[in-house]
Amino acid sequence: MTSTQIPEQRTADALGEEVEAQRERIVALRDRLLAEQDGAASPAVARALEMADAYVFLALGYLGHTDELFPGEI
């Protein structure tokens, strides 16, 4: 019988400075994306930017970010 090894779980903070630097860059990207969403030329563009924000937020989650996607919404 063979044994299965479970990979060691590490927090994003344990991954080092590179992860922290990327997390900071993506947070800044998200801020710019939200600003563009506020000034969107049409509701369709605003919706597309909102969808992009969801994917950016997902990337942040992979890097250990713990903010809310849509704060204040139920």
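The values are calculated or read from the model by the stated rules, or taken from the named source; none is laboratory data. Here the structure is a predicted model, which is why all the values come from computation and not from measurement. Cβ sites come from the backbone with ideal geometry, for glycine too, and all protein chains shown count toward neighbours.
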Say we look at region 1-19 and pick out the residues that are surrounded by 14 or more Cβ atoms within 10 Å (Cβ to Cβ) and not small (Gly, Ala, Ser); which of these is modelled with the highest pLDDT? 19
Name the one entry in 48, 28, 41, 35 that is at pLDDT 90 or above, out of contact with any helix residue (DSSP H, G or I) (no Cβ under 8 Å at 6 or more places or on another chain) and not in a helix (DSSP H, G or I). 41
